[in-house]
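Colleague: One structure, pasted below without further comment.
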Amino acid sequence: MLAHGARASTHAATSSSVPSPASSLAPPPRVTARRRTPWVQNERFLRVAVPAMVGVLLLGLWECLVRAFNVPEYLVPGPLRIAQALHDDFGLLMKALWTTLCITAGAFFVATVIGTLVAFAFVQSRWVELSFFPYAVLLQVTPIAAIAPLIIIWVKQPTAALVVCATLIALFPIIANTTLGLRSVSPGLAAFFRMQGASRWQTLVRLQIPGALPYWFAGLRISSGLSLVGAVVAEFVAGTGGQGAGLAYEILQAGYQLNIPRMFAALGLISAAGVALFWLMLGLNQWALRGWHDSATPQEH
Amino acid sequence: MLAHGARASTHAATSSSVPSPASSLAPPPRVTARRRTPWVQNERFLRVAVPAMVGVLLLGLWECLVRAFNVPEYLVPGPLRIAQALHDDFGLLMKALWTTLCITAGAFFVATVIGTLVAFAFVQSRWVELSFFPYAVLLQVTPIAAIAPLIIIWVKQPTAALVVCATLIALFPIIANTTLGLRSVSPGLAAFFRMQGASRWQTLVRLQIPGALPYWFAGLRISSGLSLVGAVVAEFVAGTGGQGAGLAYEILQAGYQLNIPRMFAALGLISAAGVALFWLMLGLNQWALRGWHDSATPQEH
Amino acid sequence: QDKLTFLTSWYAQAEHGGFYQALATGLYKQAGLDVTIKMGGPQVNGMQLLTAGQADLIIGYDFQVLSGVEKGLPVVTVAASFQKDLQGMLTHGDVKSLADVKSKTILVAGNNRTSWWPWLKSKYDLTDAQTRPYTFNLQPFFADTNVVQQAYPSSEPFQALKKGLPHKFFLFADEGYPPYGTSIVTTQGLLKAKPDVVKRFVDASMKGWVSYLKNPAPGNALIKQDNPNMSDEQIAFGISQLKALKVLDSGDAATQGVGTMTAARWKATRDYMVKEELLKPDTPWQQAFTLDIVKQVKVLP
Amino acid sequence: MSRTTPRTTGAMPVVEALSACKTYGNGTHALAPTDFTLQPGEFVSLIGPSGCGKSTLLKLVAGLIEPSDGRLQWWRSGQLPRGAAPAGKRLAFVFQEATLMPWASVEANVRLPLDLQHVPRDEAAERVGRALAQVGLSRYARHKPRELSGGMQMRVSIARALVTDPDLLLMDEPFGALDEITRNRLDDELRQLWAERGLSVMFVTHSVYEAAFLSSRVVVMAARPGRIVHELTLDAPGMAEARPAGYRSSATFAHTCQQLSDLLLQASLVSGTDQLEMAP
Amino acid sequence: MSRTTPRTTGAMPVVEALSACKTYGNGTHALAPTDFTLQPGEFVSLIGPSGCGKSTLLKLVAGLIEPSDGRLQWWRSGQLPRGAAPAGKRLAFVFQEATLMPWASVEANVRLPLDLQHVPRDEAAERVGRALAQVGLSRYARHKPRELSGGMQMRVSIARALVTDPDLLLMDEPFGALDEITRNRLDDELRQLWAERGLSVMFVTHSVYEAAFLSSRVVVMAARPGRIVHELTLDAPGMAEARPAGYRSSATFAHTCQQLSDLLLQASLVSGTDQLEMAP
Ligand SMILES: Nc1ncnc2c1ncn2[C@@H]1O[C@H](COP(=O)(O)OP(=O)(O)OP(=O)(O)O)[C@@H](O)[C@H]1O
Ligand SMILES: Nc1ncnc2c1ncn2[C@@H]1O[C@H](COP(=O)(O)OP(=O)(O)OP(=O)(O)O)[C@@H](O)[C@H]1O
Ligand SMILES: [Mg+2]
Ligand SMILES: [Mg+2]
């Protein structure tokens, strides 16, 4: 990976005008050495600290704007007001968040399993893929809002129906990415396996699956968010309420009742959950691919 | 790419039991030669014909089931009935489709432009990416249904509001994939560019952009579908009816009036549009990457 | 004990009070019924669930029943809780009568474009151009004093009241809008097979309504159980609105008992729909309702 | 052209190309119709100018690509005359570039063909250890390929080919990225292996010294279109023995090398005018 | 260790490594603290056993990787004594693997450094044409890299380095994948280029013949940890001339080669016991 930024900042300590040590022989003697303040180089720390700082800044700006223009709370509440709503309704919102997360987790799990298996089937035979890939696309483009009623009719148990809806939304990126990954093995290695008389199963397990992992994780990253969105949308559409209601119900109700701070608090929880899921997937990616894949290994070319 | 299927089927003509010519020296003299019926090998033909055939089979099965179990038309109509509805309401549905497609196209275009530019910004500096990538994730996970009201307040023109909603839905995969692509240039080439003193602009235009194209297209493939879904969902949530109503409105109305065959016809149109968009993107991919990228070039290892 | 599932039209609220009251006070049990009340929601299509056998009776809507009959659905309205449809318009304080909305921006939800909107449009000479979508959120209304919007008497005006905003509410039914409100719909099948059960249900429900308006506490407890976000204040406001608008006991109900219907009213509704081309003229509209049940039931307010 | 297969003769070739030719998708005539026979127990080296089609011919023989015309014919390994080889033995291929699984350790990469053949764990571990020792990488068993130098990666690739104890060994410039010392040692080992085990080898190299030292037969190719322009038999077939100790400094060796150099120069000259113009 | 830079002496080195060492992320000590100076106009060859750290040292010199300790120092090209070179001239690097843009034609790949320097179209086209002719690939200007053989790809990579007319040329086994004829011709050309243009070259090779023919100085490295174990100056500095016509068959040449072979063998022996065990 290109590390322009990192390089430039490292060199700033020793020389001011030079873009990169390799760029030209023109400048006067330049020196590269290892002089780094450790925490600035600690990826993990930065990955949390920097966006958090930006977040605090943005929230501050938001609060200022809301106060400066005297925006009424029922239109756009300031972050402090939202935080207060979060605090006041903590129990309520947490219960709803839990419900939504359960549906998300269920849908994500089912989508991952089914999507991966479908992708396996696709790469086993070009005919299977040719025949059914367009129908996988169908899954993605059919608006869930339109078929949710049918699902609710067919799947009696309400929570199961929600999981099915969310699964349908999250499925496609996993199928698409995993299929692409399984097909993207290096042609040389594929030839080697063929030549060694590897069975399909061996080729799948030892070549295609490890090779597809980076793509698979990329699919998981997209689908984890979609599962969450799917859970929320499904709830919107299928409209369950009552005791075990999720965040969508709280948002809808807060909207109807114009309890906008609570609505934003619920939205904030969803967003936070989504970002957390995303980082979780990214972390999993780093952990599983460390040592061999560019996306998880710092470059030492 | 592995072409087990293709190989096996080619050899079936000359020898029956052998998996692959390179797999072992054991079998009696085997012969490889070029004996192929051309149309079976014509990818383009197959890519359309096979799924179409499967489609016809599935539709036939559907019709049979509906007739066999005497499912009432207002619950699940058979394909023939849906086709008839499509025929009867052709003008109406086509107008609605046109509206939806316009919103889709607008959203897809805007999402592509913005997503690509954001990805450019992200790879220019690790700090920018660190700071703002989580907020790109936010875009994906915030349920559009919840923020649509705000968008409607801010964007007065209804169509524009719908485009904004759909854009928000379609944006993330383009940002994520393009960023990944721009960062995935071969480390060796990146080192070469740095060494030649290439400016950021040159590196972007000559190295990162061409190298990111496969990822970019993969992003487009996912986002084209999401734009469509986004257009439909946005219409569901914030849609206007009346003259310029889109397919979502027709679906809602048909559902409300229990005109289920028309609802299925509208759904079918959306799905068909989505699949068409997907193939369009795939075709664009093949065309743009032919000659150098595995995903667009038949393997001749 | 006969088991029955009853599906309401929305999250539990004062407009469903009679049914919850009948459940809470044991009126159903006394009538030999074991009733389960399921909540509706924004996109829950009650008619579909009814015809699919997921519910035995639902809160229906006259237009939808007529459309259903047009499509050959075996549904039938057996009673109408309210003599007036509850749909109306919420305006800012400066509007004196519905005639004044001609100069305003009107928020109309998508699926209402084929219910009351054509009626209002032709009656007050309005245009499609002045409408904007309604997303069941009051923010646009509060943000712009030139906006008027559709409303239910018990919810939106309550928010306006709480905000202390000068506002007015106009019930369409008071201006001659024909359909009934909160009617009870079942299938022809159930009606034929167990007319007695249906009769007992209607009877108990109507008793529930009368009881509810006298002492809503038992029903309210159930409402709050199903919809925890419903505040006492709001329910109380809803009940006061029901009383003030005299939806239960006005017109024919005063003499013939709560829940009554007349063929004349149905014809008016049918004529309106036919005029607006929402219904084919040759629809056997008499099948959309039966007066047999209400004739046997006489619960005076 | 009508041809009779050598089935009628006594010796049964391992693999035969019958007017096999290859034109790539972009229209490059990589290989003109070529007849080539590999007899069991032969060590054939392919030499020729860069881009003349050596890799193409090797891949055809391995069945990795299909001929555009003509055909390839493989014979049962059970009929290999030099006995010993149990049925079901395999061919091993060393690609011109190290083709390793980036996610697997060096050890796992080398063990791969044994795993594919369901060789028991212990036996596999032992054979892998031996192969890694042969190429001098015992210390690096747990490293990932990306942590190795170019030459080390190539050696992993070689170890992976040797570990299977193949009947037919196809190697595409395996030692090109190695220093002379390592290369000479591996040359010695390969020759010894070949002589002991009686395997058949096809070997692409750019070093005439290597070709002269290793081969029982050298095939010289020329470019545009790729074709065989000369064959030089160094040992009588079946006469595979370890070279005498001082063979590399013998006059015979020097003579063979010179002969091959001349043939190579000739081949370069007939390969068309585009082959390396001198700077003005 | 306190050191004075050669700034105080008359000759100004092109690049200097001052106790530069490299330990990779996985803990491999690829290079022990090393001092190395490249004087302007030198042709330095690096030889050593596979995996001894040649590529690592070259990348350090190119600034592609940063030393774990110690430092690298580059000097202005304006101060290169052999005049001629305009300011802002560049270094060119040939990677051990051909590192080409897969989406660009051969021509576009070779033109890349010129484009990056905003060389006018016509001039660039001419220089690209010349460079392609030098490596014998004029016919393949419009091919994509994947349509070329391994050796041809490497030649594209070489052409891309030559086209820039660099001051400092760093090459990592550039000719390893080429046949002897092509290799000898390119050796000749490179030596001539060097003698004419007065550029400085660092050259990794596995061929002692090549090292002996090309270099003014040969650096021998040993492994574990990578370090310089010997340096051999072949020409007095600044005495760069084309070798006499028959140099390759001269006794001096044979002697140098033998000397280098011995040094290499020694280096291999000190590189630790793991370096190639003979099969039992
Ligand atoms: N995949 C391909 N598509 C198109 N042309 C190809 C392909 N692979 C090789 N060629 C062409 O075929 C010819 C022979 O290539 P091949 O790889 O067999 O050469 P080679 O003798 O192995 O060369 P080298 O010694 O450089 O490896 C070359 O001209 C090359 O351009
Ligand atoms: N990216 C890396 N990460 C970890 N270790 C590395 C890396 N690159 C090289 N090494 C190790 O550093 C040592 C020196 O590698 P280097 O590539 O410099 O060797 P070399 O002399 O160029 O070898 P060759 O002649 O085979 O190319 C080797 O032991 C290798 O295992
Ligand atoms: Mg080759
Ligand atoms: Mg190296």
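Coordinate-derived values only; no laboratory data. No experiment lies behind these values; they were computed from the predicted model shown. All Cβ positions, even for glycine, are placed from backbone atoms using ideal geometry, and neighbour counts span all protein chains on display.
Colleague: Take every residue in peptide A:100-110, count the Cβ atoms of other chains within 10 Å of its Cβ, and give the average of those counts.
Modeller: 0
Colleague: Now, a different point. Through the Karplus equation 6.51 cos²θ - 1.76 cosθ + 1.60, θ set to phi - 60°, convert the phi angles of segment C:91-108 into ³J(HN,Hα) values in whole Hz; use x for Gly and Pro.
Modeller: Listing the rounded values in order: 10, 6, x, 6, 7, 8, 8, 4, 5, 6, 6, 4, 9, 9, 7, 10, 8, 10 Hz.
Colleague: Ok, one more. Using the crude model of +1 on Lys and Arg Cβ and -1 on Asp and Glu Cβ, and no other charge, please compute the dipole size for segment A:89-289 relative to its Cα centre, in debye to 20.
Modeller: 580 debye
Colleague: So if I take the centroid of the Cα atoms in segment C:80-124 and the same for segment E:119-169, what is the distance between those two points in Å?
Modeller: A separation of 76 Å, based on Cα centres.
Colleague: Among C:Thr77, C:Leu27, C:Gly88, whose Cα projects farthest towards the positive end of the dipole of segment C:26-107, with charges put on the beta-carbon of Lys, Arg (+1) and Asp, Glu (-1)?
Modeller: Most positive-ward Cα: C:Gly88.
Colleague: Taking the Cα centre of segment C:233-301 as origin, work out the dipole magnitude from +1 charges on Lys and Arg Cβ and -1 charges on Asp and Glu Cβ, in debye rounded to 20.
Modeller: 180 debye
Colleague: Something else: Give the percent of DSSP beta bridges with both residues in the protein assembly as shown that are antiparallel, rounded to the nearest 5.
Modeller: The antiparallel proportion sits near 55 percent.
Colleague: How big is the protein assembly as shown on each of its three principal axes, counting only the C-alpha atoms and giving the largest first in Å?
Modeller: Principal axes ranked by extent give 130, 82, 58 Å for the Cα atoms.
Colleague: Still on this structure, please answer the following. Relative contact order for segment B:89-289: what percent, with Cα pairs under 8 Å and sequence separation of 6 or more?
Modeller: 30 percent
Colleague: Quick one: net charge of C:Phe6's neighbours, Cβ under 10 Å, K/R +1, D/E -1?
Modeller: Overall, the nearby charge balance is 0.
Colleague: Quick one: compute the contact order of chain C, relative version, from alpha carbon pairs under 8 angstrom and 6+ residues apart, as a percent.
Modeller: So the answer I get is 32 percent.
Colleague: Could you work out the equivalent-ellipsoid semi-axes for chain C, taking the square root of 5 times each eigenvalue of the Cα gyration tensor, largest first, in whole Å?
Modeller: 30, 24, 17
Colleague: List the distances, in nm and shortest first, from the label point of E:His118 to the matching label points in every other copy, placing each point 7 Å from Cα along the Cα-to-Cβ direction.
Modeller: Nearest first, the other copies' label points are 6.8 nm away.
Colleague: Let me ask you something else. Please give the net charge around C:Pro195, taking every other residue with its beta carbon less than 14 angstrom from that of C:Pro195, where Lys and Arg add +1 and Asp and Glu add -1.
Modeller: Taking every other residue near C:Pro195 into account, the sum is 0.
Colleague: Okay, moving on. Find every distance from the label point of D:Ser19 to the corresponding label point in the other copies (7 Å from Cα along Cα→Cβ) and write them in nm, one decimal, shortest first.
Modeller: 7.3
Colleague: Highest first, please rank the peptides D:252-259, C:194-201, E:134-141 by the mean number of other Cβ atoms sitting within 10 Å of their residues.
Modeller: E:134-141, C:194-201, D:252-259
Colleague: Turning to a different aspect of this structure: Note down the nm distance, to one decimal, between modelled labels 7 Å out along Cα→Cβ at A:Phe69 and at D:Glu196.
Modeller: 8.3 nm
Colleague: Would you pull out the residues with amide H under 5 Å of C:Ser81's amide H, same chain only if 5 or more places away, H placed 1.01 Å from N?
Modeller: C:Ser183, C:Ile184
Colleague: Then there is this: With the Cα gyration tensor of segment C:1-126 giving a ≥ b ≥ c as the square roots of its eigenvalues, does the rule (a/c under 1.5 for rounded; else a/b larger than b/c for prolate; else oblate) give rounded, prolate or oblate?
Modeller: Cα axes put segment C:1-126 in the prolate bin.
Colleague: Answer with one residue from B:Ala212, B:Val232, B:Thr112: the one whose Cα lies farthest towards the positive end of the charge dipole of segment B:89-289, charges on Cβ with Lys, Arg +1 and Asp, Glu -1.
Modeller: B:Ala212
Colleague: Short version: ³J(HN,Hα) in whole Hz for each residue of segment A:46-52, in order, from phi by Karplus 6.51 cos²θ - 1.76 cosθ + 1.60 (θ = phi - 60°), x for Gly and Pro, what are they?
Modeller: 4, 4, 9, 5, 5, x, 4
Colleague: Give, rounded to the nearest 20 debye, the magnitude of the charge dipole that the protein assembly as shown has about its Cα centre when Lys and Arg contribute +1 at Cβ and Asp and Glu contribute -1 at Cβ.
Modeller: The calculation lands at about 640 debye.
Colleague: Using +1 at the C-beta of Lys and Arg and -1 at the C-beta of Asp and Glu, which of D:Leu232, D:Ala211, D:Val163 has the Cα lying farthest in the positive direction of the dipole of segment D:129-253?
Modeller: D:Val163
Colleague: Ok, one more. Within segment C:21-70, which chymotrypsin sites (Phe, Trp or Tyr not before Pro) sit in a loop by DSSP and count at most 11 neighbouring Cβ atoms inside 10 Å?
Modeller: Listed in order of number, the matching sites amount to none.
Colleague: Nearest the rotation axis from D to E, which residue of chain D has its beta carbon, and at what whole-angstrom distance?
Modeller: D:Gly176, 3
Colleague: A further question on this structure: Under a 5 Å amide H to amide H cut-off, with H placed in plane at 1.01 Å, what residues pair with D:Phe93 once short-range neighbours are removed?
Modeller: For D:Phe93, whose amide H was placed from the backbone, the distant partners under 5 Å are D:Leu170.
Colleague: Here is a follow-up. Rounded to the nearest 10 degrees, what's the angle between the helix C:195-214 long axis and the longest principal axis of chain C, both from Cα atoms, 0 to 90?
Modeller: 50 degrees
Colleague: Let me ask something additional. Sorted from shortest, what are the nm distances separating the label point of D:Arg248 from equivalent points in the other copies, each placed 7 Å from Cα along Cα to C-beta?
Modeller: Values, ascending and in nm: 2.1.
Colleague: Could you pull the Cα extents of segment C:184-301 along its three principal axes, largest to smallest, in whole Å?
Modeller: Here the spans come out as 47, 35, 30 Å, largest first.
Colleague: While we're looking at this one, here's another question. Calculate, for C:Gln296 and C:Ser250, the FRET efficiency according to 1/(1 + (r/R0)^6) with r their C-beta to C-beta distance and R0 30 Å; round to the nearest 0.05.
Modeller: Computed FRET efficiency for C:Gln296 and C:Ser250: 0.85.
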